[in-house]
1. Pick from 53, 44, 99: which residue has the top mean-square fluctuation in a GNM of the chain where Cα pairs under 10 Å get a spring?
2. Please calculate the 1.4 Å probe accessible area of residue 11, with all protein chains present, and give it to the nearest 10 Å².
3. Restricting to lysine pairs 8 or more places apart or on different chains, what number in the chain have Cα atoms under 16 Å apart?
4. List the residue ranges in the chain for DSSP H helices whose C-alpha atoms run 15 angstrom or more along the long axis and whose Kyte-Doolittle average is 0.0 or above.
5. Could you point to the label whose value was computed as Cα extents along the principal axes in Å for the structure here, given (i) 56, 47, 20; (ii) 49, 32, 26; (iii) 49, 46, 23?
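The values are calculated or read from the model by the stated rules, or taken from the named source; none is laboratory data. Computed from a predicted model, the values in this text were never measured in an experiment. Ligands, DNA and RNA are excluded from the accessible area calculation, which covers all protein heavy atoms including side chains. Shrake-Rupley method; radii C 1.70, N 1.55, O 1.52, S 1.80 Å.
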Amino acid sequence: RYYSDPYDLLRQIEENFIQSLKGLVLKTGNKNIIDIMLMILGAIYQNGSEYAILISENGGKDFSNRLIQECYSVKKEDLKELFPNYSPHQRQWIFSFMIDGFTSVLKNWVQNGMKEDPVEIAKFINKINNVVLTGLK
């Protein structure tokens, strides 16, 4: 396939990556959060150079936002069960907060060469998420 310009290529890489991660999130069903993170980390580890481009200053400006919205659309019902006393907007804020932290750790991990094992990263992010979730219940 040919691309009309470098931005078209970038958009296609973004779209493929987002759809791939969305597919992973859909496949997880009711698995625990560490299993979900490990699936995502594994995909990023395998495609580290592409992901590094997408999150760099030269990448698409709305990539992270699109990624968050796609994942939220898949998991919003799970959040409803976890936080029944919160409004839909508040649940989206919780999800955004957790995903922004997750993506920030991923960005740092990728930019520093992915030296740590994905299991270590998943457990670390899970610890932080547990603190947040415990405080919200």
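1. For the chain, modelled as a Gaussian network with Cα springs under 10 Å, the answer is 53.
2. It works out to around 130 Å².
3. Value for the chain: 13.
4. Helix filter hits for the chain: 33-46, 118-136.
5. Read-out taken from this structure: (ii).
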